[in-house]
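A quick write-up on the structure given underneath.
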Amino acid sequence: MARRARRRDRDGQRALGLDIANGRVLWSYNRVANRVANIATPIIRGTRVFVSSDYGTGAALLEVRAAGNIASASEVYFTRDMRNHHASSVLVGDHLYGFSSSILTALKFDTGEMAWRDRSVGKGSLIFADGRLILYSEDGVVGLAEANPAGYREHGRFSLTQQSGLPTWSHPIVASGLLIVRDQDNVYSYDLRAR
């Protein structure tokens, strides 16, 4: 039992790839792990995996190579220009869009080159839906922006009346033409369909 507990603790300090048949660790990478919270979901395209965390850490793109039951991950780049806190970035075309701490950032996936940064709605989360970025700040601001590597272009915003005074760390959802956002115990739904 003690051995298993130690392994779980160690695994929380790295990104890793597992053999789904038996749970064997195939590769691991610890440079982007921090000792507080590793929350952002890895983004995978082909044989490349993008991992990121905040608390002053950063992000990395890994190249995963496999032959039979042997695998390895090598660092393509490491950058401090994308530090996802409680939300993951999204990959649209060749660029990642995400909140690096509190600043919305566009980053070229394959090179880590920053395309732009903007304070936008403030620290928050985002999704990509219907050709646009839907931004949701921890202060209850909802914004609509282009997923455009040329620059930040906002198409509108509105604010929720927050009741609790606590930060909103939930992520927006789009389903059946509805935008759904949550602020603590309150859930709001907005019809996005053209009329």
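The values are calculated or read from the model by the stated rules, or taken from the named source; none is laboratory data. Quick caveat: nothing in here was measured; it's all calculated off a predicted structure. Backbone-built Cβ (ideal geometry, glycine too); neighbour counts: all protein chains shown.
Tabulated data
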item	result
Test result for residue 107, at pLDDT 95 or above and hydrophobic (A, V, I, L, M, F, W, C)	yes
Residue identified as among the aliphatic types (A, V, I, L, M), more than 23 Å from residue 91 (Cβ to Cβ), free of Cβ contacts under 8 Å to residues at least 60 places away in the same chain and surrounded by 13 or more Cβ atoms within 10 Å (Cβ to Cβ) among 141, 187	141
Lone unmet requirement of (1) surrounded by 14 or more Cβ atoms within 10 Å (Cβ to Cβ); (2) out of contact with any strand residue (DSSP E or B) (no Cβ under 8 Å at 6 or more places or on another chain); (3) without any contact (Cβ under 8 Å) to a residue 24 or more places away in the chain for residue 176	(1)
Residues of segment 38-57 satisfying the condition of being modelled with pLDDT of 90 or more, within 11 Å of the chain's Cα centre (by Cα) and of a type outside the set (Phe, Trp, Tyr)	41, 42, 43, 51, 52, 53
Number of the exception - residue 169 against (1) assigned to a loop (DSSP other than H, G, I, E, B); (2) more than 25 Å from residue 41 (Cβ to Cβ); (3) hydrophobic (A, V, I, L, M, F, W, C)	(2)
Selection count where residues are closer than 19 Å to residue 173 by Cα and in a strand (DSSP E or B), scope segment 103-138	13
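Results for (1) under 27 Å from residue 104 (Cβ atoms); (2) in contact (Cβ under 8 Å) with a residue 40 or more places away in the chain; (3) not in a strand (DSSP E or B); (4) not small (Gly, Ala, Ser), shown as yes or no for each residue.
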| site | (1), (2), (3), (4) |
| --- | --- |
| 41 | yes, yes, yes, yes |
| 56 | yes, no, yes, no |
| 59 | yes, yes, no, no |
| 64 | no, yes, no, yes |
| 72 | no, yes, no, no |
| 76 | yes, no, no, yes |
| 82 | yes, no, yes, yes |
| 85 | yes, yes, yes, yes |
